[in-house]
Amino acid sequence: MQLEDENTDAAAIQTRNLGRVEKTLVKITDLFSGFMLLGLVGLLVLSILSRDVIRFPVPWLEEIATLITIYAVAFASIGAWSRGAHIAVELVPMAIKGVWHSRYALFLQILSIVFLMLAAWGAAEMMQRSANNRTTALSMSFSIYYGGLLLAFAGMVFTSLLRLVGEFFDKPKQEG
């Protein structure tokens, strides 16, 4: 027995919407990280031209390049985490079979959310503690740099929560 489109329950619709939200988030973060990487290449070219061709070094380019690098990595890490493209050693899951495999995956998902929340909390603490520390050329607060870390960890927590909610509500219905 197959479900008709009109007979789908609210949990399945919500899960499909969460899947769309996650896919849209991945597309947006990949787009942002790509533009930031393009901007970083532009800054590198500008730095080389100003230093070697024009003989007029621009000291603030290094600070801007560092900032763009942090945020490019932050956006790219959200997309990579959501796609599961991060490095993972999966020796234990290969040995676990049956119902324990899904329980182990759920445990790892919850454990990773806890770790990412602690890392986001640490980044928020560092933002507060470094609010008065400034960079040399542009006098920017170091909180801006730690904001990139907070963005990355908070984005990974969000995508992990979407995946966890999908695990609970995206159960296939048995026939009969």
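The values are calculated or read from the model by the stated rules, or taken from the named source; none is laboratory data. These figures come from a predicted structure and were not determined experimentally. Heads up, the Cβs are rebuilt from the backbone with ideal geometry, glycines too, and the neighbour counts pull from every protein chain shown.
I'm trying to understand the selection: among the residues of region 115-170, which are in contact (Cβ under 8 Å) with a residue 12 or more places away in the chain and either at positive phi or among the charged types (D, E, K, R) (or both)? Of everything in region 115-170, those that are in contact (Cβ under 8 Å) with a residue 12 or more places away in the chain and either at positive phi or among the charged types (D, E, K, R) (or both) turn out to be 163, 167, 170. Here residue 103 passes the criteria (1) under 25 Å from the mean Cα position of the chain (by Cα); (2) surrounded by 12 or more Cβ atoms within 10 Å (Cβ to Cβ) except the one numbered (2).
Residues that are at pLDDT 90 or above number at least 1 in the following helices (runs of 4 or more DSSP H) confined to region 36-142: 60-83, 99-129.
When residue 60 is tested against (1) surrounded by fewer than 17 Cβ atoms within 10 Å (Cβ to Cβ); (2) in contact (Cβ under 8 Å) with a residue 40 or more places away in the chain; (3) under 19 Å from residue 158 (Cα atoms), exactly one condition is not met: (3). All conditions in (1) of a type in the set (Gly, Ala, Ser); (2) more than 20 Å from the chain's Cα centre (by Cα); (3) closer than 27 Å to residue 29 by Cα hold for residue 154, with the sole exception of (2). None of 135, 29, 66 is closer than 30 Å to residue 19 by Cα and of a type outside the set (A, V, I, L, M, F, W, C) except 29. Per the conditions (1) within 22 Å of residue 152 (Cα to Cα); (2) loosely packed, with under 12 Cβ neighbours inside 10 Å, the sole criterion not satisfied by residue 53 is (1). Taking the criterion of being surrounded by 17 or more Cβ atoms within 10 Å (Cβ to Cβ) and closer than 11 Å to residue 147 by Cα, the residues of region 109-125 that qualify are 120, 123, 124.
Tell me which residues, restricted to region 36-56, are in contact with a helix residue (DSSP H, G or I) (Cβ under 8 Å, 6 or more places away or on another chain) and either touching a residue at least 12 places away in the same chain (Cβ under 8 Å) or within 24 Å of residue 71 (Cβ to Cβ) (or both).
Here is the first cut: in region 36-56, the residues in contact with a helix residue (DSSP H, G or I) (Cβ under 8 Å, 6 or more places away or on another chain) are 36-37, 39-40, 43-44, 46-47, 50, 56.
36, 37, 39, 40, 43, 44, 46, 47, 50 - these are the residues of region 36-56 that are in contact with a helix residue (DSSP H, G or I) (Cβ under 8 Å, 6 or more places away or on another chain) and either touching a residue at least 12 places away in the same chain (Cβ under 8 Å) or within 24 Å of residue 71 (Cβ to Cβ) (or both).
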